[in-house]
Amino acid sequence: MSHSTSPSRHPLPDASRKMDFVRQGFDAIASRYDLLNDLMTVGLHRLWKREAIRRLDLREGMKVLDLCAGTGDLARLAHARMRHRGLVAALDFSPNMMAAGRERGGTCIPDGNDRIVWTSGDACRLPFADETFDRVVVGFGLRNVVSIETALRETFRVLRPGGMLVSLDTAGPEWKGWRPLYMFHMEHVVPFLGRLFGGSREMYAYLASSSAAFPSPGELRTLFETCGFVDTGYGFRPRFIGGAALVWGRRPG
Ligand SMILES: C[S@@+](CC[C@H](N)C(=O)[O-])C[C@H]1O[C@@H](n2cnc3c(N)ncnc32)[C@H](O)[C@@H]1O
């Protein structure tokens, strides 16, 4: 983990302020979030999200939680992957991100079995009973929570035995030769695009700081294991280059 003090990074808010900072930040950029995601990843986040959903090994009729759902890309993909026969809960704590997601559809599809249920809540205190879900997916979410370990333990609690968690998040480059380019992108291009299109240089500078402070995929995998997950693994995306990574694990049973 690196904690650079580069002036182009936003200092990370301390734990007591982080929740409000993150919620207000996402509320402020909600209407432009999807556009910015496409610009900053040159559309690659769409491929990574599809891969995260494939890795979930979904079947019709499953109950799936999209944690830190934002505008609900992963929730919609999961729902489609189950041929619209399953239940997906999309949980977030930013009202504006959820409102933007609802506008894109999938609030409640009119056949009684087919539903995406938007739920307001904190990833570290999930409003669900133990062993509710067959699968949990979280996209670019763990980086933003106050305690990754608490969120993982909560996820473990709401997963049924045998259930799987897949996380997609930013990661440093796997091939170190890419590091200067990656750092330039994170510290200059992303905040610049954020200011130009998102109206919030601060929020996109925070993306660079929070990514730098986020555990590497290997470290995150170890944290999964500390929280009880088994059959864990990870993979950088794009392969051999990095910038993002998938990390997965299963609740034993
Ligand atoms: C970077 S966005 C990711 C959205 C979506 N998952 C995606 O992949 O495009 C992070 C989302 O996590 C939400 N979030 C951050 N911390 C949270 C928490 N503690 N509880 C619930 N949602 C949270 C934010 O409101 C935001 O919508």
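The values are calculated or read from the model by the stated rules, or taken from the named source; none is laboratory data. Keep in mind that this is a model prediction, so the values were computed, not measured. Glycine gets a Cβ as well: all are built from the backbone with ideal geometry, and neighbour counts include every protein chain shown. Ligands, DNA and RNA are excluded from the accessible area calculation, which covers all protein heavy atoms including side chains. Shrake-Rupley method; radii C 1.70, N 1.55, O 1.52, S 1.80 Å.
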Criterion: among the charged types (D, E, K, R) and free of Cβ contacts under 8 Å to residues at least 12 places away in the same chain - qualifying residue of Glu103, Glu60: Glu103
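Which of the helices (runs of 4 or more DSSP H) contained wholly in segment 104-205 include at least 1 residues that are within 21 Å of Arg46 (Cβ to Cβ), hydrophobic (A, V, I, L, M, F, W, C) and open to solvent by 20 Å² or more (accessible area, probe 1.4 Å)? Don't jump to the end; show me each part of the working.
Numbers: elements: 148-158, 179-184, 190-193.
Qualifying helices (runs of 4 or more DSSP H): 190-193.
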So which residues in segment 8-57 are among the hydroxyl-bearing types (Ser, Thr, Tyr) and open to solvent by 40 Å² or more (accessible area, probe 1.4 Å)? Ser16, Ser31
Residue check, Gly162 against (1) more than 18 Å from the chain's Cα centre (by Cα); (2) closer than 17 Å to Cys68 by Cα; (3) small (Gly, Ala, Ser), all met but one. Which one? (2)
Do we have any residue at all in segment 61-74 that's touching a strand residue (DSSP E or B) at 6+ places or on another chain (Cβ under 6 Å), open to solvent by less than 30 Å² (accessible area, probe 1.4 Å) and acidic (Asp, Glu)? yes
Please give the number of the condition Leu44 fails out of (1) more than 11 Å from the ligand (Cβ to nearest atom); (2) touching a helix residue (DSSP H, G or I) at 6+ places or on another chain (Cβ under 8 Å); (3) within 30 Å of Leu181 (Cα to Cα). (2)
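Scanning for something more than 10 Å from the ligand (Cβ to nearest atom) and at positive phi, does segment 114-127 turn up at least one residue?
Kept after step one, since they are more than 10 Å from the ligand (Cβ to nearest atom), are these residues of segment 114-127: 114-118, 127.
The next check asks that each one be at positive phi; those that pass are none.
Looking for residues that are more than 10 Å from the ligand (Cβ to nearest atom) and at positive phi, one finds none in segment 114-127, hence no.
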